[in-house]
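Throughout, read-outs are computed from the coordinates displayed, never taken from laboratory work. What you see is a predicted model, and the numbers here were worked out from it, not measured in a lab. Cβ atoms come from the backbone with ideal geometry, glycine included; neighbour counts cover every protein chain shown.
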Amino acid sequence: MRRVVFNQKGGVGKSTITVNLAAIAAAEGQRVLLIDLDRQGNATRYLLGDAEAPEGAGSAAFFDNSLKFAVRESSAADYLCETPFENLHLMPGSALLDELQAKLESRQKIYKLRQALDKLAENYDQVWIDTPPALNFYTRSALIAADSCLIPFDCDAFSRAALYELMQNVAEIQADHNEELQVEGIVVNQFQPRASLPQRVVQELIDEGLPVLQPYLGSSVKVKESHERALPLIHLEPSHSLSQAYRQLYAALG
Ligand SMILES: Nc1ncnc2c1ncn2[C@@H]1O[C@H](COP(=O)(O)OP(=O)(O)OP(=O)(O)O)[C@@H](O)[C@H]1O
Ligand SMILES: [Mg+2]
């Protein structure tokens, strides 16, 4: 199963959700690969902390190589590294992705990630892709490479407006490039059960027939601590209510 976590709106929880769900999958014994396609490298830092990614590893190096002619085509496996967590491998993200983008676009490398993941299919049970807050070359590559798309939603009115555009973008990718792509669901993040606006906004999505996943993820200061200590929530505090919600959400994905 290959999942992309996507929302072109910034700061809705993409990287946090990708890392935590991937960490749960790995802790349950699945062989998991996380691909960081964001030049901010937040998922990478979340998993590696201050440790430098090994030289040569990274999504930028992978895409850069796709621009070069080689007699022997390299494998995406050459650009991965281990993380401190068993069963969880990483293709790190970095700012180098920026300068490559225009070239990748003009040389039509949009299927490269999909092809590379097809070849790696035997090595991993699950692939999780974290994306930047934009519909750019990298997000489109991810949507073309994935079977399924999770959409984090942070319960505000602007996010709701952005959601319609997002669903249209996904539908366009489905129609033009990837019929297999499913919108697996909307992940409600930083939900405040006692405030009326978030409840109303989420209920509207449900009433419109959008696939809103359960349970909703609450808001907790533990998330920032978890980032700072480079420990996914299930490793930082397994019994915390947010860790449990993440586990239930993972189980609901099937
Ligand atoms: N459940 C939560 N509780 C509290 N804070 C959260 C929660 N989820 C995310 N955050 C906070 O929200 C901010 C954005 O989260 P994150 O970086 O995961 O979003 P993103 O969508 O990946 O952002 P970007 O679009 O910049 O890549 C972070 O500061 C993070 O600490
Ligand atoms: Mg992010």
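Are there GluC sites (Glu not before Pro) in the stretch 1-101 that DSSP puts in a loop and that have at most 15 other Cβ atoms within 10 Å, and which ones?
Filter output for the stretch 1-101: Glu28, Glu52, Glu55, Glu73, Glu86.
Provide the percentage of antiparallel DSSP beta bridges, counting only those with both residues in the chain; round to the nearest 5.
Taking every DSSP beta bridge within the chain, about 10 percent pair in antiparallel fashion.
Counting only chymotrypsin sites (Phe, Trp or Tyr not before Pro) that sit in a DSSP loop (anything but H, G, I, E, B) with at most 16 other Cβ atoms within 10 Å, what is the longest stretch of the chain containing none of them?
112-254
Once you have a ≥ b ≥ c as the square roots of the Cα gyration tensor eigenvalues for the chain, tell me rounded if a/c is under 1.5, and otherwise prolate or oblate according to whether a/b is larger than b/c.
oblate
For Phe191, which sequence-distant residues (separation of 5 or more, or a different chain) have an amide H within less than 5 Å of its own amide H, given hydrogens modelled in the peptide plane?
Placed amide hydrogens put Leu217, Gly218, Ser219 under 5 Å from Phe191.
Pairing the Cα long axis of helix 196-207 with the longest principal axis of the chain, what angle in degrees results, from 0 to 90 and rounded to the nearest 10?
70
Under a GNM of the chain (C-alpha, springs under 10 Å), which listed residue has the highest mean-square fluctuation: Ala76, Ala157, Ala142?
With Cα springs under 10 Å in the chain, the top fluctuation among Ala76, Ala157, Ala142 is at Ala157.
Suppose every Lys and Arg Cβ carries +1 and every Asp and Glu Cβ carries -1, with no other charges. What dipole size does the chain come out with about its Cα centre, to the nearest 20 debye?
180
What angle do you read, to the nearest 10 degrees and between 0 and 90, between the alpha-carbon axis of helix 96-106 and the longest principal axis of the chain?
70
Could you list, in their original order, any pairs among Lys9/Lys112; Lys103/Lys224; Lys14/Lys112; Lys112/Lys224; Lys14/Lys119; Lys109/Lys224 whose Cα atoms are separated by more than 32 Å?
Over 32 Å apart, Cα to Cα: Lys103/Lys224; Lys112/Lys224; Lys109/Lys224.
Could you check which residue among Gly29, Gly209, Gly185 shows the biggest mean-square fluctuation in a GNM of the chain with a 10 Å Cα cutoff?
Per the Cα network of the chain with a 10 Å cutoff, Gly209 tops the list.
Pop the C-beta distance of Arg160 and Ser196 into the FRET formula with R0 = 22 Å and round what comes out to the nearest 0.05.
Once rounded, the FRET efficiency stands at 0.90.
Under 5 Å between amide H atoms, partner at least 5 residues away or on a different chain: which partners does Gln182 have, H built in plane at 1.01 Å?
Ser148, Cys149
Output ³J(HN,Hα) for the stretch 216-228: one whole-Hz value per residue in order, computed from phi by the Karplus curve 6.51 cos²θ - 1.76 cosθ + 1.60 with θ = phi - 60°, and x for Gly and Pro.
The phi angles translate into 7, 8, x, 9, 8, 5, 4, 4, 5, 4, 4, 4, 4 Hz.
Please go through the stretch 78-136 and write out the trypsin sites (Lys or Arg not before Pro) that DSSP classes as loop and that have at most 14 other C-beta atoms within 10 Å.
Arg107
Are there GluC sites (Glu not before Pro) in the stretch 162-223 that DSSP puts in a loop and that have at most 15 other Cβ atoms within 10 Å, and which ones?
Glu179, Glu180, Glu208
Among Cys155, Cys149, Cys81, what is the fewest-to-most ranking by other Cβ atoms within 10 Å?
Cys81, Cys155, Cys149
With a/c under 1.5 counting as rounded, go ahead and sort the stretch 181-254 into rounded, prolate or oblate using the C-alpha gyration tensor (a ≥ b ≥ c being the square roots of the eigenvalues; past the cut-off, prolate if a/b is larger than b/c, else oblate).
oblate
Give the cross-link partners of Lys222 among the aspartates and glutamates, using a straight C-alpha distance below 13 Å as the criterion and excluding same-chain residues fewer than 8 apart.
Glu237
Going by amide H atoms built from the backbone, whose H comes under 5 Å of the H on Leu34, apart from near neighbours?
HN-HN under 5 Å from Leu34: His89, Leu90, Met91, Trp128.
Which FRET efficiency value, to the nearest 0.05, do you get for Glu82 and Gln108 by plugging their Cβ-Cβ distance into 1/(1 + (r/R0)^6) with R0 = 35 Å?
That pair, Glu82 with Gln108, gives E of 0.60.
From the helices alone, meaning DSSP H stretches of at least four residues, give me the mean residue ellipticity at 222 nm for the chain, per-run term -39500 (n - 2.57), in deg cm²/dmol to the nearest 500.
-13000 deg cm²/dmol
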